[in-house]
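**Student:** Sharing a structure here in structure tokens format.
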Amino acid sequence: MSEDKKVIFSMAGVTKTYKNANTPVLKNIYLSFFYGAKIGILGLNGSGKSTLLRIIAGTDKNYQGDVVFSPGYHVGMLEQEPELDPEKTVLDVVKEGVAETVAVLDEYNKINDMFGLPEVYEDPDKMEKLMNQQAKLQDQIDASNAWELDTKLQIAMDALRTPEPDKLIKVLSGGERRRVALCRLLLQEPEV
């Protein structure tokens with residue numbers, strides 16, 4: 001089946017009612033998105049647009065009906081007022097979007113530091129084990145081009161005109177916080 005005919009998301013019979021509400025905000029909703037489709041959601045204030053998006057993004061699981069994504073797809077969602085740790089810097093928050101890559105690089109650096117320990121370089125078995133771990137991590141880093149991570153982060157932050165990387169989140173305006181959150185989200189490379 002060609003990519004443009006492939007359904008990557010479907011929603012069947014979804015109903016959402018908030019506690020203490022007499023009527024559902026969403027009732028018996030059916031949707032399907034094809035790969036590559038551009039979707040807009042329009043409606044009056046309070047008509048359930050944000051609720052629908054939270055269900056699609058998987059952040060709201062309290063509904064009736066079925067929501068299914070094709071395997072291998074994930075959703076990104078930027079909240080109207082993103083929650084960011086006020087004590088973190090812009091760069092700390094942006095790096096959350098590439099947390100797996102950061103973790104692999106951190107582990108690689110930790111292993112490199114261990115090569116200088118006498119208990120490692122004086123023990124051939126420990127040295128060989130560490131070299132094998134390093135080789136596996138290096139393969140992962142090479143495969144994902146993680147050596148260029150700092151450049152990728154800088155390009156993304158420049159493109160979205162985020163504040164300086166060392167600026168604390170707590171001193172940013174609402175618009176600046178949204179740009180930082182958007183940068184983090186886009187680095188996750190969600191399909192939807």
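Every number here is computed from the coordinates shown, using simple stated rules; none is lab data. Source: prediction; values computed, not measured. Note that each Cβ is placed from the backbone with ideal geometry, even for glycine, and that neighbours are counted across all protein chains shown.
**Student:** Provide the descending list of Cα extents for the range 3-69 along its principal axes, expressed in whole angstroms.
**Tutor:** For the range 3-69, the Cα extents along the three principal axes come out at 43, 23, 19 Å.
**Student:** Where does the charge balance sit around residue 160 when Lys and Arg score +1, Asp and Glu -1, over other residues with C-beta under 11 Å from its C-beta?
**Tutor:** Around residue 160, the charge tally is +2.
**Student:** Can you tell me how the range 54-101 classifies by the Cα gyration tensor, rounded, prolate or oblate, using a/c under 1.5 as the rounded cut?
**Tutor:** It comes out oblate by the Cα gyration axes.
**Student:** If I compute semi-axes √(5λ) of the Cα gyration tensor in Å from the structure I just sent, which labelled value in (1) 41, 23, 16; (2) 30, 17, 16; (3) 26, 22, 15 lines up?
**Tutor:** The value computed from this structure is option (1).
**Student:** Helix-only mean residue ellipticity at 222 nm, the chain, DSSP H runs n ≥ 4 weighted -39,500 (n - 2.57), per residue, nearest 500. What is it?
**Tutor:** After summing the helix terms and dividing by residue count, I get -13000 deg cm²/dmol.
**Student:** Shape call for the range 90-187 from the C-alpha gyration tensor, a ≥ b ≥ c root eigenvalues: rounded (a/c under 1.5), prolate (a/b greater than b/c) or oblate?
**Tutor:** prolate
**Student:** Oh, and also: Lysine pairs in the range 52-192 with alpha-carbon atoms under 24 Å apart, 8 or more places apart or on different chains: how many are there?
**Tutor:** Summing the qualifying lysine pairs gives 16.
**Student:** Next question. Over the chain, calculate the relative contact order: mean separation of alpha carbon pairs under 8 Å at least 6 apart, over the residue count, as a percent.
**Tutor:** The normalised contact order for the chain reaches 25 percent.
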